[in-house]
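Since every read-out is calculated from the coordinates, none of them should be taken as a lab result. Just so we're clear, the structure is a prediction, and the values are computed from it rather than from any experiment. Cβ placement follows ideal geometry from the backbone for every residue including glycine, while neighbour counts extend to all protein chains displayed.
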Amino acid sequence: MNARTVTAQISEEMAEYLDSAAKEENRSKSWVIKEALAEYRTKREEIKRMTLEGIADLHEGRTVSHADILKELEQWGKKK
């Protein structure tokens, strides 16, 4: 894997958190940052996938009206 060094300015609070997290995990700060960025990427990709899925549902007419959702929510507390 090719690697590239990047530089970023972060708040003092975030720098202290990074120091603490690295120490608690017994890992380098670079490792903590790489793990955080990988998690961020995964979450962004999931959000994008769900958004595109929702748009496709909309175009295919797979929707539920606001009124129907309100009716369903009203029934939640009444179901046994």
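Computed from these coordinates, which is Rg/Rh (Cα atoms, Kirkwood Rh): [x] 1.26; [y] 1.23; [z] 0.97?
Computed from these coordinates, Rg/Rh (Cα atoms, Kirkwood Rh) corresponds to label [x].
Helix 29-59: angle to the longest alpha-carbon principal axis of the chain, degrees 0 to 90, nearest 10?
That helix lies at roughly 20 degrees to the long axis.
Using only Cα atoms and rounding to the nearest 10 degrees, what angle (0 to 90) does helix 66-76 make with the longest principal axis of the chain?
It is inclined by approximately 90 degrees.
Within 13 Å, Cβ to Cβ, of LEU52, how many net charges do the neighbouring residues add up to if Lys/Arg are +1 and Asp/Glu are -1?
The answer is -2.
Below 30 Å Cα-Cα, how many Lys pairs turn up in region 12-76? Only count pairs eight or more apart in sequence, or on different chains, if you could.
The number of close lysine pairs in region 12-76 is 7.
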